[in-house]
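Let me begin by presenting the structure, written as C-alpha cells, before commenting on it.
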Amino acid sequence: MAKIIIQTEDFDAAAEAAQITQNRHDIGALVSFVGLCRDESQTLSALELEHYPGMAEQEIARIAGEAEARWKTKGLTIIHRVGKIKPGEQIVLVIAASSHRGDAFNAADYVMDFLKSRAPFWKKQHLLDGTSGAWVDAKDTDEASLSRW
Amino acid sequence: MSVKLVYFAWVRERIGFGDETIDLPPEITTVADLLSWLARRGENYAYAFEKAAFIRAAIDKKHAPHTTLITGAREIAFFPPMTGG
C-alpha cells in the first residue's frame with residue numbers, strides 16, 4: 001500500500017525515504033523524484049495549485065496501485081502539494097523502493113507520467129508585477145509520454 | 001434528475017462559481033449532451049465550454065469520456081486538461 005498525501009505544507013524527502021527503509025534489509029534500490037516550481041523567465045511570483053478534493057487522492061491511489069501491480073515495489077510514497085508555491089520550492093515527491101533498481105526507476109517514472117495528466121491538479125501563474133497570469137497549459141508531450149507504458 | 005455539477009481551474013473562473021445543483025431534462029443522457037446543454041445556459045457557460053472537445057469530465061470522481069452515460073450520477077465535474085506534478 002502506497003503512502004499518499006496531498007498537503008499545503010512542504011515535505012522532507014530524506015525523512016520520507018528514511019521512513020520507507022527504516023528497519024528493513026530487503027530494499028536494494030530507492031528512487032526519489034522531487035518536482036520543483038520552475039521560473040526560467042523570472043516573471044513568476046508563485047504557482048497556485050488547485051485540486052479536486054477526493055478525486056485527486058483516489059486517482060493517485062489508482063495510479064500507485066497500477067505501479068505496484070506492474071513492478072515489485074517494497075515501498076511507494078507520493079506527496080503532492082497544493083496552494084501557492086514559490087519558484088524553487090518543492091511541488092511533488094515520488095519515492096519508490098524495491099529489491100533491484102529497475103523496478104524502483106520504472107515505478108517512479110510511471111507514477112510521475114500518470115500523475116501529470118490523469119491526477120486532477122491545475123497550476124495557475126501569479127506574476128511578480130502583481131497580476132494573475134494564465135493557467136499553465138497541458139503539454140502534448142505529457143499525454144504522448146503515457147503511450148510508453 | 002438532480003445532479004451536483006462542480007467546476008475547476010479556468011472552467012470555474014469562466015462560469016463564475018465552483019459548484020451548483022441543477023435539475024436536468026430527461027433527454028440529457030451523456031456527458032456530451034450535458035456539455036452542449038450547459039453551453040446554451042448563458043454567456044459564461046458558452047465561454048467556459050467554447051471548445052467542448054477540450055474539456056475533461058469526471059462522474060462521481062472518476063474520469064469519464066464524453067460518450068459516458070450520466071444516468072445515476074450524483075456529481076459531475078468539468079475541468080481543463082490536468083497540469084499536476
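Any read-out appearing in this document is the output of simple, stated calculations on the displayed coordinates, not a laboratory observation. What you see is a predicted model; the values in this text were computed from it and never measured. All Cβ positions, even for glycine, are placed from backbone atoms using ideal geometry, and neighbour counts span all protein chains on display.
Ignoring GluC sites (Glu not before Pro) that are buried or in helix or strand per DSSP, and keeping those with at most 16 other beta carbon atoms within 10 Å, what is the longest stretch of chain A between them? Maximal segment without exposed cleavage sites: A:90-149. Each label point was placed 7 Å from the Cα along the Cα-to-Cβ direction; for residue A:25 and residue A:86 their separation is 4.6 nm. Does the range B:2-79 come out rounded, prolate or oblate, given a ≥ b ≥ c as the square roots of the eigenvalues of its C-alpha gyration tensor, rounded meaning a/c under 1.5 and, failing that, prolate meaning a/b above b/c? Note, shape of the range B:2-79 comes out rounded.
Ignoring GluC sites (Glu not before Pro) that are buried or in helix or strand per DSSP, and keeping those with at most 15 other beta carbon atoms within 10 Å, what is the longest stretch of chain B between them?
No qualifying site falls inside B:51-85, the longest such stretch.
At an R0 of 25 angstrom, the distance between the Cβ atoms of residue A:15 and residue A:36 translates into a FRET efficiency of 0.90.
Distance from the Cα centroid of the range B:58-85 to that of the range A:1-45 is 29 Å (rounded to whole angstrom). Positive-end ranking of A:82, A:56, A:28 along the dipole of the range A:1-116, with charges on Cβ about the Cα centre, is headed by A:28.
Of the trypsin sites (Lys or Arg not before Pro) found in the range A:1-87, the ones in coil according to DSSP and having at most 16 other Cβ atoms within 10 Å of their Cβ are A:24, A:38, A:72.
In order along the range A:2-10, phi translates into HN-Hα couplings of 6, 9, 10, 9, 10, 8, 7, 6, 5 Hz, rounded to whole numbers, per the Karplus curve 6.51 cos²θ - 1.76 cosθ + 1.60 with θ = phi - 60° and x for Gly and Pro. Note on residue A:72 and residue B:21: their simple-model spin labels are 5.2 nm apart, each label 7 Å out from Cα toward Cβ. Computed with the Debye formula from one identical point scatterer per Cα of chain A, without solvent, the log10 of I(q)/I(0) at q = 0.14, 0.20 Å⁻¹ comes to -0.69, -1.25. Here the relative contact order of chain A, from alpha carbon pairs under 8 Å that lie six or more residues apart, stands at 33 percent.
Amide H to amide H distances under 5 Å link residue A:45 with A:126, A:127, A:128, where only residues 5 or more positions off or on other chains count and H is placed in the peptide plane.
Pairs spanning more than 29 Å between alpha-carbon atoms, out of A:124/B:4; A:74/B:4; A:74/A:139; A:72/B:4: A:74/B:4; A:74/A:139; A:72/B:4. In this structure, residue B:66 and residue A:5 have a Cβ-Cβ separation that, at R0 = 45 Å, corresponds to a calculated FRET efficiency of about 0.90. When only the Cβ of Lys, Arg, Asp and Glu is charged (+1, +1, -1, -1), the dipole of the protein assembly as shown relative to its Cα centre reaches about 400 debye. Spacing of the modelled spin labels on residue B:33 and residue A:137, each 7 Å from Cα toward Cβ, amounts to 3.4 nm.
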